[in-house]
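Q: Here it is, the structure in full.
What follows draws every value from the coordinates through simple rules; no lab data is involved. Since we're looking at a predicted model, the values are computed, not measured. Here the Cβ positions follow ideal geometry from the backbone for every residue, glycine too, while neighbour counts run over all protein chains shown.
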Amino acid sequence: MPTTKTGYWIRVENGQVKDVWDYKPTTGPKADLPGWREAVEVFPDVTDGREIITTHSFNIDVEPAQIVWAKRDLTVDERKGALEAEAKRTYQEVVEEELRKELDEFPETQYNAETVAAAQTVYENAMTAIAALTTHEEVDNYGS
């Protein structure tokens, strides 16, 4: 069931939405303009990891007016891209931590090439495994 969020106000002029505010306009130059009315945001149900919220449209033919959000399916490649980015981020964190050790003022903390090499192996294996994924189900099961 779609989720509705209240507390919005829109200003409609000649059948077009001109302003959207997240509070009732009571002061300021625009508050005195005609056409303000209450609105709600309507979000569709989204399957986590498979769909995303995209653009919105307005339904000004109902009371309160609606700001209606659309959704779309994610592609397998988009989902794989997120997995690749996460693998890269994890590897990069290890490399940066080792670099900090080398560059800090403490002689006892040193860059550990073995730690970086192990993280690189994990990263490369992850990238190979991710590249082999071809379906949403395989993406869902990756890493579980």
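Q: Residues of segment 3-32 being at negative phi, assigned to a loop (DSSP other than H, G, I, E, B) and surrounded by fewer than 13 Cβ atoms within 10 Å (Cβ to Cβ), which ones?
A: Across segment 3-32, the qualifying residues are Asp22, Tyr23, Lys24, Thr26, Thr27.
Q: Right, another one. Can you name every residue in segment 71-127 that is closer than 30 Å to Asp45 by Cα, part of a helix (DSSP H, G or I) and hydrophobic (A, V, I, L, M, F, W, C)?
A: Val76, Ala82, Leu83, Ala85, Ala87
Q: Sort out which residues of segment 128-137 are in contact with a helix residue (DSSP H, G or I) (Cβ under 8 Å, 6 or more places away or on another chain), part of a helix (DSSP H, G or I) and either without any contact (Cβ under 8 Å) to a residue 40 or more places away in the chain or hydrophobic (A, V, I, L, M, F, W, C) (or both), and write them in order of number.
A: Across segment 128-137, the qualifying residues are Ile130, Ala131.
Q: Pairs needed: first member in segment 62-75, without any contact (Cβ under 8 Å) to a residue 40 or more places away in the chain; second member anywhere, among the acidic types (Asp, Glu) and exposed (fewer than 11 other Cβ atoms within 10 Å of the Cβ); C-beta distance under 9 Å; at least 6 residues apart or different chains.
A: Cβ pairs passing all conditions: Lys71/Asp45.
Q: Thr90: surrounded by fewer than 13 Cβ atoms within 10 Å (Cβ to Cβ) and either in contact (Cβ under 8 Å) with a residue 40 or more places away in the chain or over 20 Å from Thr6 (Cβ atoms) (or both), yes or no?
A: Numbers: surrounded by fewer than 13 Cβ atoms within 10 Å (Cβ to Cβ): no; either in contact (Cβ under 8 Å) with a residue 40 or more places away in the chain or over 20 Å from Thr6 (Cβ atoms) (or both): yes.
Judged against the criteria, Thr90 is not a match.
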